[in-house]
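First comes the structure, then the notes that go with it.
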Amino acid sequence: MAEVKLLGAWGSPFSRRVEMALKLKGVEYEYIEEDLGNKSPLLLKYNPIHKKVPVLLHNGKPIAESLVILEYIDETWKTNPILPDDPYDKAMARFWAKFLDDTCMPAIWQIMWSKENQREKAIEEAIQHLKTLENELKDKRFFGGETIGLVDIAANFIGFWLGAVQEASGMELVNKERFPVLCRWIDEYVNCSVVKQNLPPRDKLIAFLQSRFSASSWKY
Amino acid sequence: MANAEHVKLLGFWASPFVRRVEWALKLKGVDYEYIEEDIFNKSSQLLELNPVHKLVPVFVHGERVIAESFVVLEYIDETWKQCPLMPQDPHERAMARFWSKFVEEKILFASWKSMCSLGEEKEKAAKLTVDAVEKIEGELKGKRFFGGESIGYLDIAVGWMSYWLPIWEEVGSMKILDPLQFPALTSWMRNFLEHPVIKENLPPRDKMIIYFQKRSQEFSSRPRG
């Protein structure tokens, strides 16, 4: 029986975050693909609270919530740390990871699901948050400095999924004119080997997103 | 030495988010300067120190500025090692982080919403809150505190439930914390509030009732859409 198992979904950025961290640290794991439209008894058993992926199983003990899992992974496997040692630098990384999940991502999804007369306001808000994020990057190669860290892993949605969402929907939020620094980071990021190996196939993702968008009443 | 640098906390007297930071500092015996903010008329200092969210608490240690109460709690625990709040074991730490996030998302915001809404919306939010409280009741598992024999990170993170939630229940005329349904939590609330550090660090109840009545009325009278 594998010591480490991961319940995930191919298209989920949250699931891919965990894979990125495990691969970065050279941790062997068994991957179990979940059909989110038909959740397995295993998923319901190991994440009864949220019934979502990812769920990490280590020696039979489950952990859910991707950022919680990332911290667990960093504390358990010490190769290639994703969090800095210094408590203040660590606090900054946690702050920005939280900003991505609690502020940036909801603002981006808000654009997709908002009514036509609300859309411009939603776009403005998302731009504001992405500018804040871009400001934090400044002239660093990655949010983590010279190598990718917690914030870069957490920003995988910005790094890859957002581009697919834009292509699938026709909505344009991030481009080189508006976000030169963020786009430079995106290029650097998706070419980074541990990231490149842990992304879903782009056309498959776009097709999946297109079907989701057309299934709803949302029309951009 | 880093620990000897000046510590400052920008806060608001009625905020549960600020109070949890104060509990951590007091438990560890860390001296700090408290600055009361008027959150309805934010100071230039607050806007300068937390430009991203413009919220309290903002924690300042020497030159280091940190916002977001859970982030601040972990920083405090890592910087001042006496009276450790987080468990040592990585899995237990993950559980503390998981449950603090759960309570924040599923109980705090749902109960606030219930307090501030009327009719069906209030009932719906109250029901969701109760469902979530059932889950956290299960986490106590016969322990005195979530942290075991002594107060830990999770106790501080969810400590607001022992004091703010009963007040919100009164203001919003909801029934969430039924002692028969939640005996472990009821016991925990009593233990938590009786702790000498916590007891000395609670905002006055009558002031809280007036304050949250006003907030709740403002919220429910906001135009929809």
Practice item. Say whether the condition of being open to solvent by less than 20 Å² (accessible area, probe 1.4 Å) and within 13 Å of chain A (Cβ to nearest Cβ) is met by at least one residue in segment B:37-48. Key: no
Check your understanding: Can you tell which of B:Pro179, B:Pro166 is touching a Leu at 6+ places or on another chain (Cβ under 9 Å), modelled with pLDDT of 95 or more, assigned to a loop (DSSP other than H, G, I, E, B) and open to solvent by 30 Å² or more (accessible area, probe 1.4 Å)?
Key -> B:Pro179
Review point. Pick from A:Ile73, A:Ile32: which is of a type outside the set (Lys, Arg), within 20 Å of the chain's Cα centre (by Cα) and crowded, with 20+ Cβ neighbours inside 10 Å?
Key: A:Ile73
Check your understanding: With segment A:22-113 as the region, which helices (runs of 4 or more DSSP H) entirely inside it contain at least 1 residues that are among the hydroxyl-bearing types (Ser, Thr, Tyr) and within 14 Å of chain B (Cβ to nearest Cβ)?
Key -> A:41-46, A:66-76, A:87-99
Check your understanding: open to solvent by 20 Å² or more (accessible area, probe 1.4 Å) and β-branched (Val, Ile, Thr) - does that describe any residue in segment A:189-196?
Key -> yes
Check your understanding: Do we find that B:Ser15 is within 14 Å of chain A (Cβ to nearest Cβ), within 24 Å of A:Asp102 (Cβ to Cβ), among the hydroxyl-bearing types (Ser, Thr, Tyr) and open to solvent by less than 60 Å² (accessible area, probe 1.4 Å) in this structure?
Key -> no
Check your understanding: Taking the stated definitions as given, is B:Val58 within 14 Å of another protein chain (Cβ to nearest Cβ), open to solvent by less than 40 Å² (accessible area, probe 1.4 Å) and touching a Gly at 6+ places or on another chain (Cβ under 9 Å)?
Key -> yes
Point to revise | Test: residue in segment A:41-50 that is modelled with pLDDT of 95 or more, open to solvent by less than 40 Å² (accessible area, probe 1.4 Å) and among the hydroxyl-bearing types (Ser, Thr, Tyr) | key: no
Point to revise | Candidates B:Glu105, B:Glu134, B:Glu194 - the one that is open to solvent by 50 Å² or more (accessible area, probe 1.4 Å) and more than 18 Å from the chain's Cα centre (by Cα) | key: B:Glu134
Practice item. Within segment A:132-162, track down each residue that is part of a helix (DSSP H, G or I) and open to solvent by 30 Å² or more (accessible area, probe 1.4 Å). Key: A:Thr132, A:Asn135, A:Glu136
Review point. What residue, among those in segment B:61-70 that are crowded, with 20+ Cβ neighbours inside 10 Å and touching a Phe, Trp or Tyr at 6+ places or on another chain (Cβ under 7 Å), is farthest from the other protein chains (Cβ to nearest Cβ)?
Key: B:Ser69
Check your understanding: Are any of the residues in segment B:160-172 over 19 Å from the mean Cα position of the chain (by Cα) and farther than 25 Å from B:Ala24 by Cβ?
Key -> no
Exercise for review: Confirm whether B:Phe146 is in contact with a strand residue (DSSP E or B) (Cβ under 9 Å, 6 or more places away or on another chain) and under 23 Å from B:Met95 (Cα atoms).
Suggested key: no
Practice item. Note down all Cβ pairs under 6 Å where the first residue falls in segment B:72-99 and is at negative phi and within 7 Å of another protein chain (Cβ to nearest Cβ), the second is among the β-branched types (Val, Ile, Thr) and in a helix (DSSP H, G or I), and they're at least six residues apart or on different chains. Key: B:Pro90/A:Thr76; B:Ala94/A:Val68; B:Arg97/A:Val68; B:Phe98/A:Val68
Review point. Pick from segment B:150-159 the residues that are outside any helix (DSSP H, G or I) and surrounded by 23 or more Cβ atoms within 10 Å (Cβ to Cβ): which of them is nearest to the chain's Cα centre (by Cα)?
Key: B:Gly159
Practice item. Mind listing whichever residues of segment A:138-186 are closer than 16 Å to A:Phe99 by Cα and in contact with a strand residue (DSSP E or B) (Cβ under 6 Å, 6 or more places away or on another chain)? Key: A:Asp152
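The values are calculated or read from the model by the stated rules, or taken from the named source; none is laboratory data. Bear in mind the structure is a predicted one, so any value in this text is a computation, not a measurement. Neighbour counts are summed over all protein chains in view; Cβ atoms, including those assigned to glycine, are modelled from backbone coordinates with ideal geometry. Just so you know, the surface numbers come from the protein's heavy atoms only, side chains and all, with ligands and any DNA or RNA stripped out. Shrake-Rupley method; radii C 1.70, N 1.55, O 1.52, S 1.80 Å.
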